[in-house]
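Asks: Structure below; questions to follow.
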Amino acid sequence: MNKGDKVFFYHSNCKPPGIVGLMEVVELNIVDPTQFDKDSKYFDPKSKTNNPRWDCVKVKYISKSNEILGLPELKILFNEDELLVVKKGNRLSILPIRNDIAKILLEKI
């Protein structure tokens, strides 16, 4: 992932989960401070300030989808070799998307 990359916002905490918008990466390699906070549910005792295990990127909003492009529709449109998020048991984090697939997704949102 690089600064300036466009990314799909995939909302996984809704029914059905799916793509709800478009964003742009504006900053890279941000150390997640919650990994060091003992009161946080994201606390990681194996992570050290001099050797953090978790980082993230900062994104900015570009646009909202007209409709959610839900996981059921994504599974109809693509197989797991084309779009990793449709693979059973796959956890979404940062997944690469081929340019040809991204163009189709952009047309749908």
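Asks: Would you check which residues across region 23-48 are surrounded by 12 or more Cβ atoms within 10 Å (Cβ to Cβ), touching a residue at least 24 places away in the same chain (Cβ under 8 Å) and either of a type in the set (Asp, Glu) or not in a strand (DSSP E or B) (or both) and list them?
Replies: Of everything in region 23-48, those that are surrounded by 12 or more Cβ atoms within 10 Å (Cβ to Cβ), touching a residue at least 24 places away in the same chain (Cβ under 8 Å) and either of a type in the set (Asp, Glu) or not in a strand (DSSP E or B) (or both) turn out to be Glu24, Asp32.
Asks: Taking the conditions exactly as written (out of contact with any strand residue (DSSP E or B) (no Cβ under 6 Å at 6 or more places or on another chain), outside any helix (DSSP H, G or I) and not acidic (Asp, Glu)), does Lys103 satisfy them or not?
Replies: Details: out of contact with any strand residue (DSSP E or B) (no Cβ under 6 Å at 6 or more places or on another chain): yes; outside any helix (DSSP H, G or I): no; not acidic (Asp, Glu): yes.
Judged against the criteria, Lys103 is not a match.
Every residue, every condition in (1) at pLDDT 95 or above; (2) outside any strand (DSSP E or B); (3) of a type in the set (Ser, Thr, Tyr); (4) in contact with a helix residue (DSSP H, G or I) (Cβ under 7 Å, 6 or more places away or on another chain), yes or no:
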{"site": "Lys64", "(1), (2), (3), (4)": "yes, no, no, no"}
{"site": "Glu80", "(1), (2), (3), (4)": "no, yes, no, yes"}
{"site": "Gly89", "(1), (2), (3), (4)": "no, yes, no, no"}
{"site": "Ile94", "(1), (2), (3), (4)": "no, yes, no, no"}
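Asks: Quick one: in region 10-31, which of the residues that are modelled with pLDDT of 95 or more and charged (D, E, K, R) is farthest from Glu107 (Cα to Cα)?
Replies: Per the criteria, the residue is Glu27.
Asks: Of all residues being within 28 Å of Val31 (Cα to Cα) and touching a residue at least 24 places away in the same chain (Cβ under 8 Å) in region 75-101, which is surrounded by the fewest Cβ atoms within 10 Å (Cβ to Cβ)? Just the residue, please.
Replies: The residue in question is Ile94.
Asks: Follow-up. All but one of (1) part of a helix (DSSP H, G or I); (2) surrounded by 13 or more Cβ atoms within 10 Å (Cβ to Cβ) hold for Pro72, so report the exception by its number.
Replies: In the conditions (1) part of a helix (DSSP H, G or I); (2) surrounded by 13 or more Cβ atoms within 10 Å (Cβ to Cβ), Pro72 misses (2) alone.
The values are calculated or read from the model by the stated rules, or taken from the named source; none is laboratory data. Nothing here was measured: the structure is a model prediction, and the numbers come from that model. Please note: Cβ atoms are built from the backbone with ideal geometry, for glycine as well, and neighbour counts cover all protein chains shown.
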